[in-house]
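Throughout, read-outs are computed from the coordinates displayed, never taken from laboratory work. Keep in mind that what you see is a predicted model, and the values were worked out from it rather than measured. A quick note on method: Cβ atoms are made from the backbone with ideal geometry, for glycine too, and the neighbour counts reach across all protein chains shown.
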Amino acid sequence: MTDTNITYCYAHPTRETSLRCKRCDRPMCASCAVRTPTGYLCKDCVRTHQKTFDTALWYDYLIGFGVTFVLSLIASSLTGVVASFLGFYTIFIAAAIGGGAGTFIANIALRAVNKRRSKALYTSCAVGVVVGALPVMAALFFMGNMFALIALGVYIVVVAPTVYSRISGIQLTR
């Protein structure tokens, strides 16, 4: 026996479908379905489910940005001073310093926001790192110290993704 009831997608009323959301049981077409490990969900249910993982409060964005800005300003100043004296080899030292500084900055920022999470929080912390290094880069540019400026660029390229991945919980190794 076949079912004679024709169902239509909740978002596209002209598309016939036999697919249903496993959470809310609404009919949905293949373009509205989101595949999960346990079955298909509609986009509304997926969005609702993802919001439960965003725990950051409105002021966490300001705290995260401020903490990473200040710590990056300090670390980039130290990197700039060291780079002014060492010349070409500073580029390699900046890469090494960047990994440790990124981890340190991320750990302090995580404590400052009480380990709350949000994709926008991760981005604001990474932007705080970059913006914190910009005044030091401007000073090095006007002083004409190009090796130190390049080293600080390497520092930023290493630190910003390190802070983002560390705060977001991305683990490259177990």
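Couple of notes before you dig in:
- Angle in degrees between helix 90-112 and the longest Cα principal axis of the chain, rounded to the nearest 10: 50 degrees
- Residues in region 121-143 reached by a label modelled at I74 [backbone nitrogen below 15 Å; 7 Å Cα→Cβ]: 129, 132-133
- Principal-axis analysis of the Cα atoms of the chain puts helix 119-143 at an angle of about 20° to the longest axis.
- Value at 222 nm in deg cm²/dmol, rounded to 500, when DSSP H runs of n ≥ 4 in the chain each add -39,500 (n - 2.57): -22000 deg cm²/dmol
- Cα centroid separation - region 44-83 against region 121-173, whole Å: 13 Å
- Rg to Rh, two decimals, where region 58-168 supplies the alpha carbon set and Rh follows Kirkwood: 1.01
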